[in-house]
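J.: Dumping the structure here so I can ask a few things about it.
The values are calculated or read from the model by the stated rules, or taken from the named source; none is laboratory data. Note that the structure is predicted; figures quoted are calculated from it, not measured. Ideal geometry is used to build each Cβ from the backbone, glycine not excepted, and the neighbour counts take in all protein chains shown. Remember, those area values only see protein heavy atoms, side chains included, never the ligands or the DNA or RNA. Shrake-Rupley method; radii C 1.70, N 1.55, O 1.52, S 1.80 Å.
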Amino acid sequence: MTAPPSLDAAQPVAAAVQPAVPVRRRPRRSPVTWVRGGGLGPVVFLLPMLVVFGLFSWAPIVQTVVMSVQETNLVTDPTFVGLDNFRAVLADPLLWTAVRNTLWFAVLALLLGYPVPLVAAVLMSEVRRFKGLYSTLAYLPVVIPPVVAVLLWKFFYDASPGGVFNTLLGAVGLGPVPWLQDASTAMVSLVVEATWAAAGGTIIIYLAALTGVPPEQYEAAEIDGASVWGKVWHVTLPRLRGVLLITFILQVVGTAQVFLEPFLFTGGGPANSTTTILLLIYDYAFANSLGGDYGSATALSLLLAVVLGILSAVYFRLTRSWSAS
């Protein structure tokens with residue numbers, strides 16, 4: 001008498017004889033079905049925004065790419081020159097002066113303009129009374145039109161002994177200082193004004209982020225005997241890590257495109273010590289009243305955009321894991 005087959009041996013046979021379950025395929029949606037399903041409604045609402053965005057954002061970008069390979073002054077007919085504009089820009093010795101000046105401005109702005117808003121926001125968050133007044137005063141420079149702010153500070157930077165800042169220095173036996181007329185102090189003067197003008201917006205961002213820090217963490221740090229600096233280092237900064245990363249790259253991109261301060265304060269002087277990349281682009285395009293070299297201006301603009309895009313991509317790639325931890 002033979003033994004009955006085991007259960008394990010019968011399972012493959014049973015699995016083999018079971019009918020295959022048919023896979024249900026999702027029916028293809030025709031344009032008529034998509035319209036009947038309400039797909040046209042969002043497109044209708046988005047259409048005005050897409051048209052405006054295309055006309056005022058993408059169309060200028062496309063036109064910039066086209067003009068970068070043309071020789072044109074917007075008066076005569078353009079001539080296709082290929083990569084000659086890029087070669088001419090890279091061969092211009094003033095370009096590397098502008099690059100050095102822009103990097104120097106960025107370094108000074110990061111050393112001064114990056115920690116100042118954070119310190120101000122932390123101090124304002126510790127204030128118990130008149131916090132709204134301090135926030136208003138901190139944001140007030142942002143409300144002032146940039147041109148008005150620059151002209152106001154240009155009056156403050158008067159190099160004569162009767163200038164506002166030189167008068168203050170004279171009261172303590174110092175000065176006068178040629179703020180904008182000396183190459184050694186001109187860039188620092190520009191950075192101080194730019195920091196004053198832009199710090200208010202960053203302070204408000206930090207104050208909003210600080211509201212998300214649980215008060216229990218500060219209380220626990222106080223119980224452990226942490227000082228004010230200890231609470232900032234171990235509680236505040238880790239909680240603001242993501243915001244700090246975003247504001248850092250935004251400030252780097254913003255300082256690389258500085259134009260208003262050198263244009264209105266010094267015009268790039270003295271001796272090209274404050275000529276930046278955007279100011280050089282402006283000179284390419286508008287220095288000649290009879291028609292500028294718009295091909296070289298757009299070529300340099302594209303080079304700057306590519307460099308900033310690569311820098312931003314590398315930065316976010318390197319800080320992705322750290323910002324999420």
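J.: Just to be sure before I move on: is Leu237 at negative phi, open to solvent by less than 30 Å² (accessible area, probe 1.4 Å) and in a helix (DSSP H, G or I) in the structure I sent?
T.: Details: at negative phi: yes; open to solvent by less than 30 Å² (accessible area, probe 1.4 Å): no; in a helix (DSSP H, G or I): yes.
Spelling it out, it is not the case that Leu237 is at negative phi, open to solvent by less than 30 Å² (accessible area, probe 1.4 Å) and in a helix (DSSP H, G or I).
J.: I want to confirm something. Restricting to segment 259-303 and keeping residues that are open to solvent by 40 Å² or more (accessible area, probe 1.4 Å) and acidic (Asp, Glu), which single residue is nearest to Phe155 (Cα to Cα)?
T.: Asp283
J.: Let me ask something additional. Six or more apart or on different chains, Cβ under 9 Å: which pairs go from a residue in segment 208-231 that's surrounded by 10 or more Cβ atoms within 10 Å (Cβ to Cβ) to one that's among the hydrophobic types (A, V, I, L, M, F, W, C) and not in a helix (DSSP H, G or I)? Could you list them?
T.: Final answer for the pair search is Ala209/Leu240; Leu210/Leu240; Val213/Leu240; Tyr218/Ala226; Ala220/Ala226.
J.: It is to be established whether one or more residues within segment 121-128 are part of a loop (DSSP other than H, G, I, E, B), at pLDDT below 85, of a type outside the set (Gly, Ala, Ser) and closer than 30 Å to Thr247 by Cα.
T.: Initially, segment 121-128 is screened for residues part of a loop (DSSP other than H, G, I, E, B), giving 127-128.
Next, only the ones that are at pLDDT below 85 stay: 127-128.
Then keep just the ones that are of a type outside the set (Gly, Ala, Ser); that gives 127-128.
Narrowing further to those that are closer than 30 Å to Thr247 by Cα: 127-128.
Within segment 121-128 (the criterion being part of a loop (DSSP other than H, G, I, E, B), at pLDDT below 85, of a type outside the set (Gly, Ala, Ser) and closer than 30 Å to Thr247 by Cα), the answer is yes, since at least one residue qualifies.
J.: OK, next. Note down all Cβ pairs under 8 Å where the first residue falls in segment 123-150 and is open to solvent by 90 Å² or more (accessible area, probe 1.4 Å), the second is at pLDDT below 90 and assigned to a loop (DSSP other than H, G, I, E, B), and they're at least six residues apart or on different chains.
T.: Pairs that qualify, where the first residue is open to solvent by 90 Å² or more (accessible area, probe 1.4 Å) and the partner is at pLDDT below 90 and assigned to a loop (DSSP other than H, G, I, E, B), are Tyr134/Val127.
J.: Considering only segment 206-221, I want to know if a residue exists there that is in contact with a Ser or Thr (Cβ under 9 Å, 6 or more places away or on another chain), not hydroxyl-bearing (Ser, Thr, Tyr) and not in a helix (DSSP H, G or I).
T.: yes
J.: Another one. Against the condition part of a helix (DSSP H, G or I), more than 30 Å from Thr298 (Cβ to Cβ) and within 26 Å of the chain's Cα centre (by Cα), how does Leu118 come out, does it pass?
T.: Details: part of a helix (DSSP H, G or I): yes; more than 30 Å from Thr298 (Cβ to Cβ): yes; within 26 Å of the chain's Cα centre (by Cα): yes.
Spelling it out, Leu118 is indeed part of a helix (DSSP H, G or I), more than 30 Å from Thr298 (Cβ to Cβ) and within 26 Å of the chain's Cα centre (by Cα).
J.: From the list Val116, Val81, exactly one residue is under 30 Å from Asp293 (Cα atoms) and surrounded by 12 or more Cβ atoms within 10 Å (Cβ to Cβ). Which is it?
T.: Details: Val116 fails: under 30 Å from Asp293 (Cα atoms).
The match here is Val81.
J.: I would also like to ask the following. Of everything in segment 147-193 that's of a type in the set (Gly, Ala, Ser) and part of a loop (DSSP other than H, G, I, E, B), which residue is farthest from Thr97 (Cα to Cα)? Working first, answer last.
T.: Filtering segment 147-193 for residues of a type in the set (Gly, Ala, Ser) gives 149, 159-160, 162-163, 170-171, 173, 175, 183-184, 186, 189.
Add one more test, that the residue is part of a loop (DSSP other than H, G, I, E, B), and what stays is 159-160, 162-163, 173, 175.
Values: Ala159: 25, Ser160: 29, Gly162: 33, Gly163: 30, Gly173: 36, Gly175: 29 Å.
So, considering only residues that are of a type in the set (Gly, Ala, Ser) and part of a loop (DSSP other than H, G, I, E, B), the one farthest from Thr97 (Cα to Cα) is Gly173.
J.: Take Thr319 and decide whether it is in contact with a strand residue (DSSP E or B) (Cβ under 9 Å, 6 or more places away or on another chain), polar (S, T, N, Q) and touching a residue at least 24 places away in the same chain (Cβ under 8 Å).
T.: On the way: in contact with a strand residue (DSSP E or B) (Cβ under 9 Å, 6 or more places away or on another chain): no; polar (S, T, N, Q): yes; touching a residue at least 24 places away in the same chain (Cβ under 8 Å): yes.
No; evaluated as a whole, the condition is false for this residue.
J.: Can you pull out the residues in segment 222-233 that are part of a helix (DSSP H, G or I) and either more than 27 Å from the chain's Cα centre (by Cα) or polar (S, T, N, Q) (or both)? Break it down into steps so the answer makes sense when it comes.
T.: At the first step, the residues of segment 222-233 found to be part of a helix (DSSP H, G or I) are 222-223, 228-233.
The answer is Glu222, Ile223, Val228, Trp229, Gly230, Lys231.
J.: Counting only residues that are of a type outside the set (Gly, Ala, Ser) and in contact (Cβ under 8 Å) with a residue 60 or more places away in the chain, how many does segment 105-122 have? Before the answer, list the steps.
T.: Of segment 105-122, the ones of a type outside the set (Gly, Ala, Ser) are 105, 107-108, 110-112, 114-119, 122.
Now drop any that are not in contact (Cβ under 8 Å) with a residue 60 or more places away in the chain, which leaves 105, 108, 110, 112, 114, 116-118, 122.
So the count comes out to 9.
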